[in-house]
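Below: the structure, in structure tokens.
Where a number appears in this text, it was derived from the coordinates with a stated rule and is not lab data. This one's a predicted model, so the numbers in the text were calculated from it and none came from an experiment. Backbone-built Cβ (ideal geometry, glycine too); neighbour counts: all protein chains shown.
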Amino acid sequence: MAKAKASATKAANRRGSPEAIEKRRAARLFNDVLGGRGSSSPQLDGRTEKRRQRLLQELESGATRGARELKPLDVLQHVQELLEMGEPLSSLRKVAKVRRNAVPAASVVDVVERLHKAYNFRAEAYRFVGIADDVLRSAGVLEAEGARKGKPKKRA
């Protein structure tokens, strides 16, 4: 009976509970900020840096590590994740081959609209799979030219 109870209280993974993970992350950040590395230049930890390098390499080659070709959704996910890691758009343009889309724009609008509702990719990511701005505007990903947010600019 005690053996079953001990295994039930054991963490689901070897690294511990989410609270313990958050404690370690907070401690690392605290040490970085007060230790002189600061938060002004965010550095990626070793695993994240390796992941960033792998994603860039896969975008460049157009294939995963298992030699499977990247699907358009894979390209979107890779670009989105790299942008979230702080990778500049200019370096992604240098590495990734922008795919040309041969499908008519009218047939893509509904698909892009559903995909954007599900994943909420950044507009810049769609351009890497050959989706033009007019399709993004029609799908509701980009704002219409006249309906921009904020105050209008004053003209002299």
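A dipole drawn for segment 45-139 from +1 and -1 charges on Cβ atoms has a positive end, and of Pro72, Ser61, Ser91 the residue lying farthest that way is Ser61. Once the chain from Val33 to Gln53 is taken as fully extended at 0.36 nm per residue, the excess over their C-alpha distance is 4.7 nm.
Distance between the 7 Å Cα→Cβ label points at Ala118 and Glu81: 1.8 nm.
In straight-distance terms, cross-link reach from Lys71 covers every one of the aspartates and glutamates whose alpha-carbon lies under 12 Å from its own, apart from those fewer than eight places away in the same chain; here that gives Glu58.
So which chymotrypsin sites (Phe, Trp or Tyr not before Pro) in segment 98-136 end up in coil per DSSP with only 10 or fewer other C-beta atoms within 10 Å? Answer by residue number: there is no such site. Working from Cα pairs under 8 Å separated by at least six residues, relative contact order for segment 45-139 is 31 percent.
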